[in-house]
């Protein structure tokens with residue numbers, strides 16, 4: 001009976017040690033993953049830079065000359081702007097020189113002049129700031145940064161859960 005009791009206790013302790021070792025390995029792996037990607041503070045900076053760029057772009061577009069194509073009935077999609085078909089009624093901000101190709105008629109080249117430069121410097125600065133924030137976080141795009149931040153947050157939770165199992 002004592003031998004059986006001792007064997008059972010050894011088996012129980014061996015199981016507990018194996019579970020503790022697995023929890024420690026899980027915690028360590030999650031802790032390593034939790035150090036990758038932007039933290040919450042970095043993401044706030046990245047999101048602020050992205051918002052600043054969107055605002056600068058909207059201001060630039062609002063100051064720019066606007067082009068709206070209205071097709072005659074039966075002639076949709078016959079005008080392109082710099083190679084892209086202009087959809088009926090779609091408004092496009094002309095923020096720089098542009099070329100309209102009109103099927104079977106010809107080409108119309110537009111130079112908006114000084115209006116094209118309005119807001120361009122602000123937008124360029126905002127784009128640089130976002131690119132720098134993304135690079136600092138090791139991300140190529142805003143979506144990459146968001147995914148990396150979410151993965152970091154999940155790994156932080158996993159590490160905390162694994163650490164709790166060790167207690």
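For region 31-44, the candidate set comprises residues that are modelled with pLDDT of 90 or more and surrounded by fewer than 17 Cβ atoms within 10 Å (Cβ to Cβ); within that set, the residue that is nearest to residue 110 (Cα to Cα) is 44.
Between 131, 163, 120, the distinction of being modelled with pLDDT under 85, within 27 Å of the chain's Cα centre (by Cα) and surrounded by 13 or more Cβ atoms within 10 Å (Cβ to Cβ) belongs to 120 only. Taken together, the residues in region 48-79 that are touching a residue at least 60 places away in the same chain (Cβ under 8 Å) and either crowded, with 19+ Cβ neighbours inside 10 Å or within 30 Å of residue 156 (Cα to Cα) (or both) amount to 6.
Inspect all residues belonging to region 26-44 and state whether any of them is on the phi > 0 side of the Ramachandran plot and in contact with a helix residue (DSSP H, G or I) (Cβ under 7 Å, 6 or more places away or on another chain). So far as region 26-44 goes, yes, one or more of its residues are on the phi > 0 side of the Ramachandran plot and in contact with a helix residue (DSSP H, G or I) (Cβ under 7 Å, 6 or more places away or on another chain).
Within region 94-117, the set of residues being exposed (fewer than 12 other Cβ atoms within 10 Å of the Cβ) and in a loop (DSSP other than H, G, I, E, B) comprises 103, 104, 105, 111.
The values are calculated or read from the model by the stated rules, or taken from the named source; none is laboratory data. Remember, predicted model here, so these are calculated numbers, not experimental data. Glycine also receives a Cβ, built like all others from the backbone with ideal geometry; neighbour counts cover every protein chain displayed.
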